[in-house]
Amino acid sequence: MTNVDWKIKTFSELTTTELYEIIKARVNVFVVEQDCPYPDLDDYDQKAIHLWAEDNGEVLAYCRIFDKGIKYPEASIGRVITTEKGRGKGLGKQLIAYAIDIIENRLRTSEVRISAQDYLLKFYSGFGFQETAKKYLEDNIPHTEMFRTKKESEA
């Protein structure tokens, strides 16, 4: 990995090549690696802020960020991935830290709700997310809804 570039764009700012690379990365991780056929094109990309790391145009880590009232009453983060090429480099941690920063500074809120795959609960708890009682199967993968609000020490 030579040069990682971080990008933040709304849907209308994405180039067709960027959108293609984002969708390709999501399909490779969720559909191919996790063997989980699901409708990735869900009409929410148009409402999202897209955050990703790339190296020479190849997506290494990615997520969608939503303002309050789109997916949940609170802001949210979704479609979080680190591609095979991007793993082991700390990009997932940077991705979530940047996403939280965008939510707090651009969307002006500290309340964030996510739907986390259960094997990532410890990862997200490291960013202050707490498990809610809502546990469920989504596309045959165990998930838990998690919530984060700014800690008193951060206020």
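The values are calculated or read from the model by the stated rules, or taken from the named source; none is laboratory data. Since we're looking at a predicted model, the values are computed, not measured. Virtual Cβ from ideal backbone geometry, glycine too; neighbours counted across all protein chains shown. With ligands, DNA and RNA removed, areas are computed over all heavy atoms of the protein, side chains included. Shrake-Rupley method; radii C 1.70, N 1.55, O 1.52, S 1.80 Å.
Treating only the Cβ of Lys, Arg, Asp and Glu as charged (+1, +1, -1, -1), what charge dipole size does the chain show about its Cα centre? Round to the nearest 20 debye.
Numbers: 22 positive and 26 negative charges, 88 e Å.
It works out to roughly 420 debye.
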Which FRET efficiency value, to the nearest 0.05, is calculated for K150 and L41 with the Förster distance at 41 angstrom and r the Cβ-Cβ distance? 0.80
Excluding same-chain pairs closer than 8 in sequence, count the lysine pairs in the stretch 1-103 whose Cα atoms lie under 20 Å apart. 15
Compute the signed sum of charges (Lys and Arg +1, Asp and Glu -1) over the other residues within less than 12 Å, Cβ to Cβ, of E131. +3
Y72: accessible area at probe 1.4 Å, nearest 10 Å²? 50 Å²
Given the options W6, N28, F147, identify the residue whose Cα lies farthest towards the positive end of the charge dipole of the chain (+1 on Cβ of Lys, Arg; -1 on Cβ of Asp, Glu). F147
May I ask for the net charge around V59, where only other residues with Cβ less than 15 Å from the Cβ of V59 are counted and Lys, Arg are +1 while Asp, Glu are -1? -1
Please express the Cα-Cα pair-distance distribution P(r) of the stretch 50-101 as a list of whole percents, one per 10 Å bin, running from 0 to the bin with the greatest distance. 27, 50, 20, 4
If unit charges are put on Cβ atoms (+1 for Lys and Arg, -1 for Asp and Glu) and the dipole of the stretch 77-155 is taken about its Cα centre, the option from G90, S115, F129 lying farthest towards the positive end turns out to be G90
Accessible-area composition of the chain, carbon plus sulfur, in percent [1.4 Å probe]: 50 percent
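Using helices alone, what [θ] at 222 nm do you get for the chain, with -39,500 (n - 2.57) per DSSP H run of 4 or more residues, divided over all residues and rounded to the nearest 500?
-6000 deg cm²/dmol
Give me the Kirkwood hydrodynamic radius of the stretch 1-92 in Å, from all C-alpha pairs, to one decimal place?
For the stretch 1-92, inverting the mean 1/r across all distinct Cα pairs yields 13.6 Å.
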Specify the longest stretch of the chain that does not include any exposed loop site, a site being one of the trypsin sites (Lys or Arg not before Pro) with a non-H, G, I, E, B DSSP assignment and at most 14 other Cβ atoms within 10 Å. 1-86
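I need the fraction of alpha carbon pairs in the stretch 44-155 separated by more than 23 Å, rounded to a whole percent.
26 percent
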Using only the Cα atoms of the stretch 10-53, construct the convex hull and provide its projected area averaged over every direction, in square nanometres to one decimal. 3.2 nm²
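Where only protein heavy atoms count, and the probe is 1.4 Å, what is the accessible area per residue for the chain in Å²?
Ligands and nucleic acids excluded, the figure is 55 Å² per residue.
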